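Below is one structure; the comments refer to it alone.
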Amino acid sequence: MIIARAPLRLPLGGGGTDLEFYATEFGGFVLSVAIDKYAYVTVLRPPIERGIRVKARINEYEERLDDIKNELVRECLRYAGVTERIQVTFSSDLSDGTGMGTSGAYAVALMAALHFVTRKPHAPKILAEAAAHVELELLKRPIGKHDQYMAAFGGLKLLCIAKDRSVAVVAPEISRQTMHDLKNNLMLFYTGTRRESSAVLGAQKEAAEKQGGKDVFEYYHAIKDIGVRIYETLVAGDVSRFGGFLHEHWQTKKRLAGGVSNPGFDHLYDEARDHGAIGGKLVGAGGGGLFLFFVPPRVQAAFSLFMQERGCEHVPFAFEPWGVELSMPFSPAVSLRAKS
C-alpha cells in the first residue's frame, strides 16, 4: 500500500494569471503558499483482482481501463501505463469545489504514487508537469498549472509562467518573520457552498475568445499588477498593505464572467469589512468555497463569531513547507518526500 499526500494552496497574488487562455498570450505571475490541508491518494496492488477499483465519490470496479468513469483516474493510469491490478482511493481534508486546488492536488498525489509503483522519476517538476498534462491536455480542463505545481513543490513559491507554458519555480526572498506576521492576519472561512471551477473558468475562457478578450484580459492584467505589488511589498517585509491589496484584487476579480460572486457573497463581504476585515476574496475561481480575509489579530475573536453567526465555518490552517509526500505505512524502509 502506498499513500501519497499533496498539500492544497492559497494564492496570495496573481491568482488566475496561470490560466492557459491568459498565460499563453501574456505570461502568468502567481505568488502562492501551500497549507496544512491535503489531498490523499492510496494505491494498492491487489493480489487476486485483475481489474481496476476506484473508491471516490462514486465507487467503481471495471476489468477494462476504458470503462472507468472517473476521468482523472482513467487518464492518469493510462499516462503511467498501468492498466490492471490496481485500487485507487481518494480522500481530502477539504473537498473539491472549495477553491483550494483539490483536483490538482489529487492529480499530483496519484501521479506520485503511480511513478513510484512503475519506478519512474518522481521529482516535483516531473510530477507537476505530468499532472498538468493529464488535466489540461487529455481532459481539456480550462485551468492552468498553479495547483499542480504548488501540490508538487509546497512551501511559498513564485510561479512565473511563460507564453510557451513553461513554468519557473522561484523561492521568494520573503523572510520567515514576514510570513509569520502575514499568517497571523489571515483567516479562512467555509461559506457552505461548493462549485465546479470548470464552469466559472469555462465562462471566462469563452468571454476571452469573444472580441479578442479585451475586457477579460484587462481584468487579468490588473490582477497580475496587484500580484506584483503584493510580491514586492512582502519582499520588503511590509504586511500592513496586504489587506488593501486583497480588497483591490477582489473588486477586480468579481467583475470577471462566470459567476465569481453573487449578491449574497457581496453582502457578506461588505459586512465582513464592517466587522474588521481589511480585505478578502473567495479563493480559487470563485462562486463558492472559502473566503480568505485579512483581519488584524485584535479583532479576530469577534470577527470569527460574526462569521459563524452568518453560517460560515472557521478553518484554521498553517503554512506547509513540503510538497507531495509518499509513504508505505507498513514498510519500515520507505518514507519519501518529493524535494524541490
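The values are calculated or read from the model by the stated rules, or taken from the named source; none is laboratory data. Note that the structure is predicted; figures quoted are calculated from it, not measured. FYI the Cβ positions are ideal-geometry reconstructions off the backbone, even for glycines, and counts take in every protein chain you see. Ligands, DNA and RNA are excluded from the accessible area calculation, which covers all protein heavy atoms including side chains. Shrake-Rupley method; radii C 1.70, N 1.55, O 1.52, S 1.80 Å.
List of remarks:
- Of all the numbered requirements in (1) part of a loop (DSSP other than H, G, I, E, B); (2) under 21 Å from P7 (Cα atoms); (3) among the aliphatic types (A, V, I, L, M), L72 misses one, and that requirement is (1).
- Residues of the stretch 146-164 that are open to solvent by less than 30 Å² (accessible area, probe 1.4 Å) and in a loop (DSSP other than H, G, I, E, B): G154, G155.
- Per-region count, the stretch 237-279, residues assigned to a helix (DSSP H, G or I) and open to solvent by 60 Å² or more (accessible area, probe 1.4 Å): 7
- Filtering the stretch 104-139 to residues that are in contact with a Gly (Cβ under 7 Å, 6 or more places away or on another chain) and not in a helix (DSSP H, G or I) leaves only T118.
- The set of residues in the stretch 206-218 being touching a Gly at 6+ places or on another chain (Cβ under 9 Å) and either within 12 Å of E25 (Cβ to Cβ) or modelled with pLDDT of 65 or more (or both) consists of E206 alone.
- Test set (1) at pLDDT below 90; (2) outside any loop (DSSP other than H, G, I, E, B); (3) hydrophobic (A, V, I, L, M, F, W, C) - A333 fails condition number: (2)
- Verdict on I48 being open to solvent by 70 Å² or more (accessible area, probe 1.4 Å), hydrophobic (A, V, I, L, M, F, W, C), closer than 30 Å to V315 by Cα and part of a loop (DSSP other than H, G, I, E, B): no
- Among the residues of the stretch 81-89, not a single one is under 18 Å from A151 (Cβ atoms), open to solvent by 10 Å² or more (accessible area, probe 1.4 Å) and in contact with a Pro (Cβ under 9 Å, 6 or more places away or on another chain).
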